[in-house]
Amino acid sequence: MNRTTKVAVALIVAAGLSTMALPKQRAGAVSLTTQEVIGPFTNVPAGAGALLVAVCPQETAVTGGGWVALGPISPFSESQADSHQGNAWGVEVNNKGTVVLGAQATAECVTINP
């Protein structure tokens with residue numbers, strides 16, 4: 001995901017964050033700082049699935065995420081992304097290939113600056 005896309009996703013999602021526990025901000029101009037967090041490396045065996053999770057630091061809010069594969073990717077591997085457990089991003093990866101798939105979840109985290 002390039003920087004422009006990350007910022008666009010952060011802004012779109014931040015607009016809908018009113019139900020999340022974010023620090024109270026005074027009225028006026030604010031800016032957003034984004035950072036990408038990479039979750040722990042996981043080996044997903046052939047024919048199996050795994051939940052990959054990347055957790056945003058405290059005082060930030062998760063705005064999206066994805067996953068990265070390390071090594072060969074089977075054309076039959078699939079994923080389903082969803083916000084997971086509060087301030088983290090989870091991805092369910094199903095390895096339908098014939099070899100182990102190394103993978104990590106990524107989370108896009110935003111800090112609101114007054």
Checking residue 47 against (1) at pLDDT below 95; (2) under 15 Å from residue 89 (Cβ atoms), which test does it fail?
(2)
Please work out if residue 106 is closer than 29 Å to residue 30 by Cα, among the β-branched types (Val, Ile, Thr) and either surrounded by fewer than 21 Cβ atoms within 10 Å (Cβ to Cβ) or at pLDDT 90 or above (or both).
yes
Filter region 28-44 for residues that are within 14 Å of residue 89 (Cα to Cα) and aromatic (Phe, Trp, Tyr) and give the result.
none
Would you tally the residues in region 64-103 being outside any strand (DSSP E or B), modelled with pLDDT under 80 and either on the phi < 0 side of the Ramachandran plot or of a type in the set (Val, Ile, Thr) (or both)?
6
Quickly run through region 43-63 and pick out the residues that are in a strand (DSSP E or B) and more than 16 Å from residue 102 (Cβ to Cβ).
55, 61, 62, 63
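The values are calculated or read from the model by the stated rules, or taken from the named source; none is laboratory data. A quick note: this is a predicted structure, and the numbers were derived from the prediction, not measured. Reconstructed Cβ throughout: ideal geometry from the backbone, glycine too, with neighbour counts over all protein chains shown.
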